[in-house]
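First the structure, in the form of structure tokens, and then the observations on it.
The values are calculated or read from the model by the stated rules, or taken from the named source; none is laboratory data. It should be emphasised that the depicted structure is a prediction, and the values quoted were computed from it without experimental measurement. Please note: Cβ atoms are built from the backbone with ideal geometry, for glycine as well, and neighbour counts cover all protein chains shown.
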Amino acid sequence: MRPAPDEVLHFSEDPAITVFHPHVAATARQAEPYVWAVDAEQAPAYWFPRQCPRAMAWVGPASTDEDRRAVLGAGRERRVHAVEYAWAERFLTARLYAYRLPAAAFEPFGAPTPNASVATRSVTPLGPPEPVTGLLGLHAAAGIQLRFVTDLWEFWGAVTRSTLEFSGIRLRNAAPAR
């Protein structure tokens, strides 16, 4: 599930949104109200139940072969997503929807490299939401290694100490470190 070149996506478990209004999320680091969306590159980070904590790592220009092997293993994958076993059932049964939104209404957000797109005005979806099913299959088709782990913080520590690029979403929902 990826957007077309002139689109961005908003993933939600709510299939009844007709207009997205800018708001300040409870966990926001900025005071400005935004409508949030992602491009094709960032979309896989949202192939999860909304509240699911996940840690992601991928090979970047400065990544060493040693770190790639240590974190990703011996395979050809260049990206890994890790989720706690406690979230496995919710991951496999999630009812997720993708809203296609006009990319022209959004600006890149994040520095030094944008990791999302934001709009400061209300945005109407281009059509009805599309069910996003088979999250496991989406990862496989995209060549993204999916790992279920007992301790997300152990994985996160290894990733953040490596030369790989990384992102963590909803980490506050992860179980305490063992």
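Of the strands (runs of 3 or more DSSP E) lying entirely inside the range 89-146, those containing at least 2 residues that are aliphatic (A, V, I, L, M) and closer than 25 Å to Ile17 by Cα are 96-102, 116-119.
Looking across the range 38-75, the residues that are surrounded by fewer than 18 Cβ atoms within 10 Å (Cβ to Cβ) and either part of a helix (DSSP H, G or I) or in contact with a Leu (Cβ under 7 Å, 6 or more places away or on another chain) (or both) come down to Gly60, Asp65, Glu66, Arg69, Ala70. Is it the case that some residue within the range 40-47 is touching a Pro at 6+ places or on another chain (Cβ under 6 Å) and under 15 Å from Pro129 (Cβ atoms)? Checked the range 40-47: no residue is touching a Pro at 6+ places or on another chain (Cβ under 6 Å) and under 15 Å from Pro129 (Cβ atoms). Would you call Arg178 within 18 Å of Ala43 (Cα to Cα) and of a type outside the set (Asp, Glu)? Against the criterion (within 18 Å of Ala43 (Cα to Cα) and of a type outside the set (Asp, Glu)), Arg178 does not qualify.
Are any residues in the range 1-32 surrounded by 14 or more Cβ atoms within 10 Å (Cβ to Cβ) and closer than 28 Å to Thr93 by Cβ, and if so, which ones?
Once the filter is applied, which keeps residues that are surrounded by 14 or more Cβ atoms within 10 Å (Cβ to Cβ) and closer than 28 Å to Thr93 by Cβ, the range 1-32 yields Met1, Arg2, Pro3, Glu7, Val8, Leu9, His10, Phe11, Ser12, Ile17, Phe20.
Scanning the range 76-86 turns up no residue that is within 12 Å of the chain's Cα centre (by Cα) and assigned to a loop (DSSP other than H, G, I, E, B).
Entry remark, the range 147-178: residues being part of a loop (DSSP other than H, G, I, E, B) and either of a type in the set (A, V, I, L, M, F, W, C) or farther than 19 Å from Ser12 by Cβ (or both) number 11 in total. Just to check your reading of the model, which residue among Glu66, Glu107 is in contact (Cβ under 8 Å) with a residue 12 or more places away in the chain and charged (D, E, K, R)? Being in contact (Cβ under 8 Å) with a residue 12 or more places away in the chain and charged (D, E, K, R) holds for just one of Glu66, Glu107, which is Glu107. Scanning the range 46-55 for residues that are out of contact with any helix residue (DSSP H, G or I) (no Cβ under 6 Å at 6 or more places or on another chain) and modelled with pLDDT of 95 or more yields Tyr46, Phe48, Arg54.
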